[in-house]
């Protein structure tokens, strides 16, 4: 249960529903059906990046969560700090592999999307 709360599964489901809606609303006419698997991998990439961001955010906000939301705190109550970092890096590395695969398969700039989506994490400094 702590893992589900750490990655914020409800938010991830909203992302999936939104990206599937984009596919059916407009992208399916732009992207060939043979590339639907690539689109699903892009959705997985997006979910992994968001889940990794949620995990690292909870890791850096331990002090603030202890004060502001003590009953909803995940790290240190249900998941150890070390596991939050492992989850973050695990999702991050899987997303990196997916982005390299998609870049090679689609002969595109997808790798830059991965790098660009990770830049905020490198400059992340918590205020607590």
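The values are calculated or read from the model by the stated rules, or taken from the named source; none is laboratory data. Since the model is a prediction, treat every value here as computed from it, not as a measurement. Positions of Cβ are backbone-derived with ideal geometry, glycine not excepted, and every protein chain shown enters the neighbour counts.
Where in segment 61-128 are the helices (runs of 4 or more DSSP H), entirely inside, with at least 3 residues that are in contact with a helix residue (DSSP H, G or I) (Cβ under 7 Å, 6 or more places away or on another chain) and modelled with pLDDT of 80 or more?
Details: elements: 62-68, 81-106, 110-122.
Fully inside segment 61-128 and qualifying: 81-106.
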Considering each residue of segment 64-83, count those that are under 17 Å from residue 7 (Cα atoms), touching a residue at least 24 places away in the same chain (Cβ under 8 Å) and surrounded by 12 or more Cβ atoms within 10 Å (Cβ to Cβ), and give that number. 5
Does residue 45 qualify as being at pLDDT 85 or above and surrounded by 16 or more Cβ atoms within 10 Å (Cβ to Cβ)? yes
Taking the condition under 11 Å from the mean Cα position of the chain (by Cα), surrounded by 15 or more Cβ atoms within 10 Å (Cβ to Cβ) and modelled with pLDDT of 85 or more, does residue 12 pass? yes
